[in-house]
Structure formats: structure tokens, C-alpha cells
1. For the stretch 229-381, compute Rh as the Kirkwood radius over C-alpha pairs and then the Stokes-Einstein diffusion coefficient at 25 °C and 0.890 mPa s; write the answer in µm²/s, rounded to an integer.
2. Taking amide H positions as placed in the peptide plane 1.01 Å from N, state which residues far from residue 199 in sequence (5 or more) or on other chains have amide H under 5 Å from it.
3. Where does each of 31-39, 298-306 land if you order them by average Cβ count within 10 Å, highest first?
4. Residue by residue through the stretch 101-115, which ³J(HN,Hα) values in whole Hz follow from phi under the Karplus form 6.51 cos²θ - 1.76 cosθ + 1.60 (θ = phi - 60°), with glycine and proline marked x?
5. Please report, in cubic angstrom per residue, the volume enclosed by the convex hull of the alpha-carbon atoms of the stretch 1-139.
6. Relative to the longest principal Cα axis of the chain, at what angle does helix 342-353 sit, 0 to 90 degrees, rounded to 10?
7. For the chain, what does the helix formula give at 222 nm: sum of -39500 (n - 2.57) over DSSP H segments with n ≥ 4, over the residue count, nearest 500 deg cm²/dmol?
8. The stretch 298-341 to the stretch 179-237: how many Å between their Cα centroids?
Amino acid sequence: MPTVNLNYGKLKNSYLFANIAERVNAYSALHPEQHLLRLGIGDVTQPLTPSVIAALHEAVDMQSRSDTFHGYMSECGYAPLRSAIAGYYRQRNVILKDSEVFVSSGASDELGDILHLFERSLDVILMEPAYPAYADANVMDGRMIHYMDASDANGFTPPPPQESFQALIYICSPNNPTGAVFTRDLLKQWVDYANQTGSVILFDAAYEVFISEADIPRSIYEIEGAKTCAIEISSLSKTAGFTGTRCGYTVIPEELVRDDMNLNAMWVRNRTTRTNGVSFIVQHGALAVFSDRGQKEVQELLSVYRMNAKNFMKALDEAGLKYFGGRNSPYIWMKCPDGMSGWETFDRLLEQAQIIGTPGEGFGKCGAGWFRFSMFADQKDIEKAGSRIGAVLK
Ligand code: PLP
């Protein structure tokens with residue numbers, strides 16, 4: 001009998017970011033005078049907003065006084081924060097009980113931890129290109145993954161498969177890396193598929209706040225029937241600059257039942273056993289995001305990334321380059337011109353324009369020949385990149 005989880009041996013080594021770093025370092029060593037335009041990484045560049053900073057300071061002070069000190073927090077989340085998040089959903093006519101909202105340390109943690117609720121023999125449906133952690137977390141558990149091609153042909157938003165089978169289905173909208181968004185009609189098809197097959201959708205809403213078109217759903221629960229088949233995982237990382245501060249939330253409706261087991265109750269049991277919750281200081285800071293002032297500040301913060309996207313899309317349009325995303329997403333997914341691979345495009349952009357992006361090959365086989373630009377970048381860098389790209393890729 002093995003002692004350790006041998007599935008770890010089945011993980012593919014990801015050389016993507018190591019490979020990028022190696023090429024960038026080699027270039028910088030030869031050209032130390034060149035300023036590099038960094039549009040590669042999906043980490044935010046704007047700091048936390050003033051009301052969040054004030055709340056974090058206040059929380060630290062509260063921890064210094066016995067009358068306001070907090071010890072262990074509720075494992076499922078600080079009650080005022082759960083309530084504020086439920087209020088945030090109500091603005092879009094999604095009615096949730098506070099007890100259906102769980103505060104987390106971020107979407108990554110939840111995307112891994114939530115798998116504990118599911119049988120290892122349950123298959124997974126994964127649309128690629130995809131955020132690499134989806135596949136890796138399931139390979140670690142030994143689940144069988146059915147890959148579906150998200151491609152140019154289906155706007156990177158594929159419909160459900162013809163065959164009916166029970167699975168754990170990942171949907172990420174707005175998508176990382178493609179920036180594509182699932183329409184209401186398409187999400188309804190997936191929700192119907194999941195309810196008919198007894199599947200469960202894991203809906204990754206980490207980028208919901210970037211949706212600007214009115215009729216694109218920001219939550220899976222905007223779709224009728226979703227409460228009986230979907231878990232939504234979201235995060236303040238990209239919404240409010242919490243990548244290094246760490247706070248997110250997960251919604252598990254009470255109506256979600258499989259094998260006569262209630263998944264909300266199972267998750268309460270899981271959390272009360274496997275975590276002692278998120279730090280009070282962080283949750284108090286997160287609460288400020290949902291205040292009126294906090295929401296206004298978040299919109300100002302996001303306007304930087306939105307403006308980046310607008311300027312960069314204009315540059316791509318002028319250069320006649322084809323792309324997805326950007327409108328409802330901080331990512332722009334460009335088709336590499338002249339049949340170049342993502343890596344060839346990477347080298348050309350680095351050497352001739354000092355632009356760093358991410359080759360689509362890093363997000364699965366359907367990413368080949370595509371290239372991701374992140375709009376979480378410095379405004380001046382975006383302007384420079386926009387002014388150079390046409391000349392090197394035309
Ligand atoms: N989901 C997607 C699609 C992401 O792109 C990311 C981070 O880049 C995450 C989840 C993880 O977010 P968090 O910082 O909340 O762990």
C-alpha cells in the first residue's frame with residue numbers, strides 16, 4: 001500500500017512562469033538599460049482603497065483593547081461580512097441567506113478545499129484554455145478529467161457536451177485567460193445540463209466585477225435553476241486589490257443536495273473541522289469594500305484597469321490584430337498573427353518591443369497560437385505597449 005498520495009506524481013510540471021522568467025532574465029542581462037512593459041502577470045498593481053486601509057487600521061486598534069478584541073472568529077465567516085456579501089448579491093436580485101455565504105481566504109484556497117465534498121470517482125468537465133489550478137487540484141485527487149475545447153469556433157465559451165454524464169463542471173466567467181464571458185442563454189444550457197445529469201457546477205466568479213455589458217450575468221444564481229446545481233467561488237483579489245491581503249467568499253445554496261446530502265451543511269461541517277476562519281483584521285477590512293464609500297472607491301480603482309483595456313484594445317484594433325476579452329475582463333486574448341506560436345510571439349514582443357505577456361500554450365492545448373495580455377499593469381506601460389505592438393506584429 002502506498003504511504004503518500006501518488007497522484008502528485010501524475011501532475012505535469014508547469015514550466016510556464018519559470019520559462020518566461022528565464023527568457024526575461026536573459027534579455028535583461030543583455031539589455032539592462034531597457035525598461036520592460038509588464039503585461040504578463042495576473043496580479044493587481046493598484047493599492048488597497050482608503051476605506052479598506054482605514055478599516056484595517058481600526059481593526060488592529062480594536063485588537064489592542066479588551067472590550068473590542070476578537071479571538072477565534074466564526075469558521076464560516078464574520079456575521080456582518082456574510083450579511084454585507086448577501087446584500088451585494090441582492091443588488092442583482094440574487095436573494096441569499098447569510099448562512100449560504102462563506103468567507104474564505106481567497107478563491108484559490110476554496111477551489112482546492114471544496115473538492116473534499118466530492119467523490120474522487122466523480123468525473124470533471126474542464127473547458128480549456130483554463131486557469132491551471134482547476135486541473136491540478138483534481139489530478140491531486142485522482143479524478144478523471146474530460147477536456148472540452150474552448151476555441152475561436154465557439155467564442156471560447158463552449159455549450160454542454162452531447163453525452164449526458166454526471167460531473168463536476170468548471171465554468172469561469174469572465175474567463176482567465178480568454179476574457180470571454182458566458183451569456184445568459186449559454187449559462188442556462190449549462191444549468192439545465194447540470195440539473196438533468198446530477199452534476200455540480202463550480203462557478204468561478206473571481207472577475208465578475210469587470211463585467212460592463214448589462215445582460216451578462218455576474219453570478220450563476222442570476223440563472224433560474226442554479227441554486228440546485230451550483231457553487232459560486234469569488235474573491236476580493238481582483239475586485240478590491242486583496243491579492244496579498246487574502247479574502248474571498250463562496251456561496252453554497254441550501255437547495256443544493258446530492259445523494260440526500262445537503263452541500264451547505266456539509267461545508268459548515270468541513271469549515272468547522274478544517275479551519276478556524278479568516279483573520280478578524282482582514283474580514284473587518286473586507287467589510288469596508290461593501291460600504292457605499294468602499295464600493296465607490298473600488299469603481300475608481302477598477303477604472304484604471306478598464307482604461308488600460310480600452311487603450312490597449314484600441315491599439316490592437318488599429319494594428320488589425322484579432323482578440324477576445326478586454327470588454328468585460330482585465331485580460332485580452334490575442335490571436336498570434338501569421339501562424340506564430342505563443343512562444344514565438346513572446347520572443348518577438350520581448351526582443352522588439354520590450355513587452356512581456358503570457359503565451360497561450362501555458363493554459364492548455366487550445367491556447368496554442370494565442371497570447372494573453374493582463375491589464376493589471378502600469379498605465380504608462382500600457383500606452384507604450386500599445387504604441388509599439390502594431391509595428392512588430394503587423
Ligand atoms: N480564479 C481565477 C480564474 C483566477 O485567475 C485566480 C487568480 O488569478 C483565482 C481564482 C485565485 O484568486 P485568489 O487570489 O482569490 O486566490
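The values are calculated or read from the model by the stated rules, or taken from the named source; none is laboratory data. Nothing here was measured: the structure is a model prediction, and the numbers come from that model. FYI the Cβ positions are ideal-geometry reconstructions off the backbone, even for glycines, and counts take in every protein chain you see. The area values use the complete protein model at the heavy-atom level, side chains included, leaving out ligands, DNA and RNA. Shrake-Rupley method; radii C 1.70, N 1.55, O 1.52, S 1.80 Å.
1. Values: Rh = 18.7 Å.
Reported coefficient: 131 µm²/s.
2. 167
3. Values: 31-39: 14.6, 298-306: 16.7.
So the order, starting with the most tightly packed, is 298-306, 31-39.
4. 9, 10, 7, 10, 8, x, 5, 4, 4, 5, 4, x, 5, 5, 5
5. 269 Å³
6. Helix 342-353 and the main axis of the chain meet at about 60 degrees.
7. On the way: 12 runs with 152 residues, N = 394.
Computed mean residue ellipticity for the chain: -12000 deg cm²/dmol.
8. 23 Å
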